[in-house]
Amino acid sequence: MKDRTNMTPEERFTKIENLLAAMTEHQARHDEDIRQIHETQKASAQILRTTAELLLTLTGAQKATEQRLNALQADLDRLMRGPEPGPA
């Protein structure tokens, strides 16, 4: 292509049009990329919320299991020791 000083007004106009079209296309792709990032961010936030809820549920279940296990261990200890002697 000619340098700017040797271009006709029509050539300069065409060059400017082509540059604007390329910039518009680039901006559209950029906007779509940002939209996809935003959607991914929203999905990730929802996954994190769900994971936190599941962890809270698991923590509660783990505490209940630990209590039942401690009770079972106490029962087994009593059974292993046998009956306690009564007053004579």
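Here, each number is a calculation from the coordinates, and none is a lab measurement. Computed from a predicted model, the values in this text were never measured in an experiment. Virtual Cβ from ideal backbone geometry, glycine too; neighbours counted across all protein chains shown.
A few notes on this one:
- Answer label for percent of Cα pairs over 15 Å apart (calculated), chosen among (1) 80; (2) 55; (3) 74: (1)
- Principal-axis tilt of helix 9-81 within the chain, Cα atoms, nearest 10 degrees: 0 degrees
- Residue among LEU72, GLY86, LEU54 farthest towards the positive dipole end of segment 40-88, charges placed on Cβ: LEU54
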